[in-house]
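The values are calculated or read from the model by the stated rules, or taken from the named source; none is laboratory data. Computed from a predicted structure; not experimentally measured. Don't worry about glycine lacking a Cβ; one is built from the backbone with ideal geometry, like all the others, and counts go over all protein chains shown.
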Ligand code: PRT
Ligand code: ZN
């Protein structure tokens, strides 16, 4: 670990290219952080926040952060648990969502994880797979390969695979079916152990911005018209940040109601609002939510 006492900025490691790169850059932008030069360089300076960005292979990010060469990193949880480095997860980032799953040839029956006993499993995640097998009391042979894991059963290299899945189409196209989800993953912010007080403060500011962006994405602004005699019922359905805003409409006997709805209960509440007499419902995305 680098003690790092002098450093007045945060050094952030993100993926140079690949699935997490664009969303990592987008999140920084949504946090109001402008990165000056292009990503073809090894590093770039932010113009309006004390952050320097290092562009690295995702597999190397946990090590760089553990060593204190970078202070923080954006990387998949799957990589962190596989690499088992001394870093702390400070915030989930809400993108790069996927699952690490066991898959077997489509035609095979799969009664339980006991199916895997004595089988050969191809994977790029030997540590996570091994933990899973131990938790199930199953012994299997793990065959570590670094890419194209999904072709292993087809060429006779393995009986089963364990790989990342998002849509499931790679498994489907290779005649495989998903039988166990052993790990759920998303991109997270990791930090090294020895941040100095300035860096701790900067990280708090960054996390506050990330949380505001995430909250905004999970919520929608809703405006609707309500007959005054139904207002009480309609308001009871709406949470709002404190309570809903109610404004009189020019038309006598009607009000405009404004509130914020969480994505998760969104459709349920909309349906109930309509039943309760709400009309002209508008739903608008929120850019930032500062709590
Ligand atoms: O070059 P570098 O080492 O930096 O990148 P990489 O090639 O090792 O990683 P990359 O860019 O493929 O993935 C980076 C991270 O994205 C992973 O570590 C995960 O945290 C996350 N992620 C999210 C995924 C997927 N979804 C994903 N679907 N990583 C890989 N896949 C692959 C999977 O391995 C399989 O080949 O996509 C295929 C399956 O996708 P579906 O949609 O067909 O199911
Ligand atoms: Zn990688």
Having 2 or more residues that are more than 16 Å from ligand 2 (Cβ to nearest atom) is the bar; report the strands (runs of 3 or more DSSP E) wholly within segment 47-115 that clear it.
51-56, 88-92, 98-105
Selection from segment 245-271 of residues that are surrounded by 15 or more Cβ atoms within 10 Å (Cβ to Cβ) and modelled with pLDDT under 90:
266
Note on residue 166: of the conditions (1) more than 10 Å from ligand 1 (Cβ to nearest atom); (2) in contact (Cβ under 8 Å) with a residue 40 or more places away in the chain; (3) within 24 Å of the chain's Cα centre (by Cα), unmet is (1)
Is it fair to say residue 174 is over 23 Å from residue 24 (Cβ atoms), within 14 Å of ligand 1 (Cβ to nearest atom) and in contact (Cβ under 8 Å) with a residue 24 or more places away in the chain?
yes
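Quick grid of which residues meet (1) modelled with pLDDT of 95 or more; (2) in contact with a strand residue (DSSP E or B) (Cβ under 7 Å, 6 or more places away or on another chain); (3) within 27 Å of residue 214 (Cα to Cα); (4) surrounded by 16 or more Cβ atoms within 10 Å (Cβ to Cβ):
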site	(1), (2), (3), (4)
128	yes, yes, no, yes
144	yes, yes, no, no
148	yes, no, no, no
157	yes, yes, no, no
161	yes, yes, no, yes
171	yes, yes, no, yes
181	yes, yes, yes, no
198	yes, no, yes, yes
Restricting attention to segment 220-237, does a residue exist that is surrounded by 11 or more Cβ atoms within 10 Å (Cβ to Cβ), under 29 Å from the mean Cα position of the chain (by Cα) and closer than 25 Å to residue 187 by Cβ?
yes
Within segment 56-80, which residues are touching a helix residue (DSSP H, G or I) at 6+ places or on another chain (Cβ under 8 Å), more than 16 Å from residue 199 (Cα to Cα) and either more than 8 Å from ligand 1 (Cβ to nearest atom) or modelled with pLDDT under 95 (or both)?
61, 62, 63, 74, 80
Looking at residue 13, is it over 20 Å from residue 166 (Cβ atoms), surrounded by 13 or more Cβ atoms within 10 Å (Cβ to Cβ) and within 16 Å of ligand 2 (Cβ to nearest atom)?
yes
Given the criteria under 24 Å from residue 214 (Cα atoms) and within 12 Å of ligand 1 (Cβ to nearest atom), does residue 19 qualify?
yes
